[in-house]
Structure formats: C-alpha cells, structure tokens
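To keep things clear, I will list the structure first and then write my remarks on it.
The values are calculated or read from the model by the stated rules, or taken from the named source; none is laboratory data. All values derive from a computational prediction rather than experimental measurement. Glycine also receives a Cβ, built like all others from the backbone with ideal geometry; neighbour counts cover every protein chain displayed. Heavy atoms of the whole protein, side chains included, go into the accessibility calculation; ligands, DNA and RNA do not. Shrake-Rupley method; radii C 1.70, N 1.55, O 1.52, S 1.80 Å.
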Amino acid sequence: MAEGNKETPEIIGFACSFCSFKASEMAGSLRMKYPEGVKLIEVPCSSRVDPAFIIKALMEGADGVFVAGCHPGDCHFIKGNYYTRRKIAALKEMFRAFSIDEKLRLFWVSASEARRFVDKVTDMYNNIKETKR
Amino acid sequence: MKGKKLKNSHLDSLFDGFLKEEGSIILGFKRDGNAIGHHIFKGSAKDYSLINPFFSANGAIYFRRLFSKGAKLLFILRPCEIRAYVELTKLTQIEREGIVAISVDCPGTESEKEKTDRASLPEDIRDYFKGDNKKRWACINCREKRGVVGDAGIRLDRDYNMWIIPYTEKGERLIETLEGELTDIPIDMAISPDRQTDSFKTDMDALRSDLKRCVLCMNCRDMCPVCYCVDCVFNGDEYLPRGDALLNKVLRTGSTDMPQGKELFHLIRMYHVSQTCVGCGACEEACPQDIPLTKYFKGISERLQGIFSYMSGRGFDEAIPYTTFIEDELKDAED
C-alpha cells in the first residue's frame, strides 16, 4: 500500500519508555523542536519491537521507522537491548538486500540525552525528505 | 572421523532390529514400484528407500509438536529435513529424547510438480549420484547436500561404497549394533562441500512483480517446516484485514492491489524464519502459483545467518542467534 505521496514524510518511532521516550519528553519540556512528521510509539522495552511491526509500518505507508532504546548495558531489564541490537541488525541486513535500508534506523538514547534525540531524529527526517524528492 | 562400511543387508538387519521393539517406528521413504514418498514404518521396514529423487514436502513437518517421551523414532531423511528437525528441537517443538536422526547424502531432487516419466527409477542407490537429471533450483543451490547433520550420517565415498558415521552418542549406540569395526573413513566423498554463493541482492520492484500472482493461500506458511507458531500473526484481522476491517482501512489509507498485504506477508515471514530456514524449497513446492519463493527465502536467510556466522541445523548446541547475544558485538548497529 504505497500511498506515500504526501508532501512531508511520516516517520514512526518505537521508543523505549525508560530512556528514549523520557528523552523525547525532556526535549518537549526544554522546548526543543523536532519535525512534526515523527510519530512516537512508547514501548516498554526496545526488544518489545517485533520486526513485524516495522515491516508493517513501512508496507502501510510510513516513509521511515526508527527504534530507539537505551545504550547497550543500560537496559532497565538488564539485557533487552542486546536482543534488539541483534534483531534490528538482521532486519537492516534484510532491508539492504531489498535496497530499502535507508528507511530503518536504530538509535541509542538515554533519558538525559534530549539534544541527541532531537539531532538524530531531525537528521533522519531530513535524509528521508531528501530521498523522497 | 570414524565410521562403518555398509552393505544393504546391514541396513535391513539394523532397521528390522530397531522395529522389533515395542513402540518404535521409522520415518523414511518407501518405494512402491516407481513411486517414492515419505512413509512411517511400523513392524517391518520392507521396501524402504534411502533416497527419494522427488521432493514434495519437508519430512520434519510430520513430527512437529512431538513431545511424547518413551517412544522410539528413527528418522532416515535428507540433510535438509534433518536440519529442519534440529532447528525444531532448538525451538522446543520436538522432544529429542527418543529420536535418532540419520541424514543420507542427497544427490538433489526433482520437483514433484514436474510430470516426468518415471518408468526407469534406478534400483541401486549409487545410480542416483551418477545421472544428471533435472534438479530443483533449491537443490542446485543447496548449502549442505552431505549427510553430516543429525545423530549419524550415511555417506558415499568416491567409489560409491556406503559408510555410516556417528556424530553423537545416540548415533554411536545405534551403530554399535551393526557388525563390523569402526575404521577411518576416506577423505574423498561422492559429494563434496558446497561452494559459497554471493550474498543475495534484489529490490522491492522485483519482489512486487514476482508476488503479483500471489493469492495469499498461505500454503507456503503451512508447509514450511520451521514456520511453527501456533498463533500466527496472520490469523485474524490485525495484519491482513478482511471485510469491515478492510473497508475501514481502505477508507483510511487509499486504493490498494488485491489481495492486500502480499509483500507484508512474505517479508514478515521471511524475517521470522530467517535464522531457521534450511532452504529446502518446500514453500515453492507448495505454491499453487509457482512463485520463485526459494530464491528470496534462501537468499535472505543465508545473508542474515551470515552476520552471526550461524548455519541453521548444523548442530544441536548452537543457539539460534535471536535467542542469545554477546555483549561485545555489532558495534556499528547504531545509526
């Protein structure tokens, strides 16, 4: 269902509720801006994200998807993001085979890194906007 | 590596001896005239065949969800089928305790769909390795044709002598009952390790045009030996909406090809079986529309297994990559 003909790209972000989602809230309270096209979905841990969610988001019209979790070693559930890393690395390899790997990104953002979150998300947004043109 | 030289009479006595015990069965191939197919032997192993030159389904699927302890089973199957069985034991879909799995060197198979003339099937196992017949794409590009997986393997050397080689304790116990001494096996075998193929590369347009014919019958999912979830994500309306759910979705998003969600279905399935896919081509064999699925599933799975230096079904003690991790790895995973 490729209905992505809108002017601005839409990006779905899966954000870990303990770090990246907190970082996005902090960015809000510090009045930092990130693009409107970014829609965040809060997940209890980045390893909750089944790659099926990402494929579904992309096939149903999203222009990009990112998964944001805690830095390796800082997971609230001790080892969740190590699994995420393996799963997303493999998914990206699969997307590379289909030449759509620019649509998926993985970020490590801790709860205090609001600036880093905004930078990463904005960079991804601009990149995708560029390729859409 | 040590093994025992085999004669056909050895195998007859091995199988009949195994079947004498109460509650023991063999899953293998039965030859009935010119038809060969999977067969479960109970009581006697009459008319068994080590080789089946036609592929219809992956035999591991028949004993998926086998949890009974105490039963004694002997699998005498192709390497791809034994590899699927190994993966299923790791996924806790098969209780390994009572099972001895023997893989047999495979000369490659023809598709069961091809209506070839079967007037002249060779009587002797050796002749299968000599002829140059039409093979399936999956078999031409097979990653492991050698019987080197499972508890034991039956292999042929350059002069087409049969050898049985134990790989685990279970295999050793079974082979102990055979007459003859364990001797060093020859290094040169009839089937040598396969060359590495280039990593698979394609694009979405190619996938889309290949899937044009797909009718979403899901036969590929149902016949895949390692696609095992009881509650598949594609059951229900969440991923593949029908009726009201479809109407709502189309009103929300826009026009769409029908059946809707073909790429979604195959991409998700491709990812879900990526580490366990053995490249047997059962999906393509089950496809009524002749879509070249093996190309995609095998290509993607080999690429994804490559990242973790994993090979599906190679050994019982290798963990499936998504179920484990190393702390110090994949430094460049983050963008």
Determine how large the accessible area of residue B:12 is when every protein chain is in place; take a 1.4 Å probe and give Å² rounded to the nearest 10. 70 Å²
Convex hull volume of the Cα atoms in chain A, per residue, in Å³? 91 Å³
Cα centroid of region B:291-320 to Cα centroid of region A:1-67, whole Å: 30 Å
If one computes the Cα centroid of region A:95-133 and of region B:62-102, what distance in Å separates the two points? 44 Å
Provide the FRET efficiency to the nearest 0.05 for the residue B:124-residue B:258 pair, computing r from the beta carbons and using R0 = 51 Å. 0.50
Listed peptides A:11-23, A:61-73, A:39-51 by packing density, highest first (mean Cβ within 10 Å): A:11-23, A:61-73, A:39-51
Residue mean of other protein chain beta carbons inside 10 Å, A:90-102: 6
Okay, helix-only estimate at 222 nm for chain A: each DSSP H run of n ≥ 4 adds -39500 (n - 2.57), divide by all residues, round to 500 deg cm²/dmol; what do you get? -13500 deg cm²/dmol
Which pairs, out of B:201/B:249; B:7/B:134; A:56/A:79; A:39/A:132, put more than 23 Å between their alpha-carbon atoms? B:201/B:249; B:7/B:134; A:56/A:79
Count, for each residue of B:247-260, the Cβ atoms from other chains sitting within 10 Å of its Cβ, then give me the mean as a whole number. 2
Within 10 Å of each Cβ in peptide A:114-125, how many partner chain Cβ atoms are there on average? Round it to a whole number, please. 0
Count charges around residue B:103 for me, please; just the other residues with Cβ under 14 Å from its Cβ, Lys/Arg as +1, Asp/Glu as -1. +3
Suppose R0 equals 25 Å; then what is the FRET efficiency for residue A:130 and residue B:198 from their Cβ-Cβ distance, rounded to the nearest 0.05? 0.25
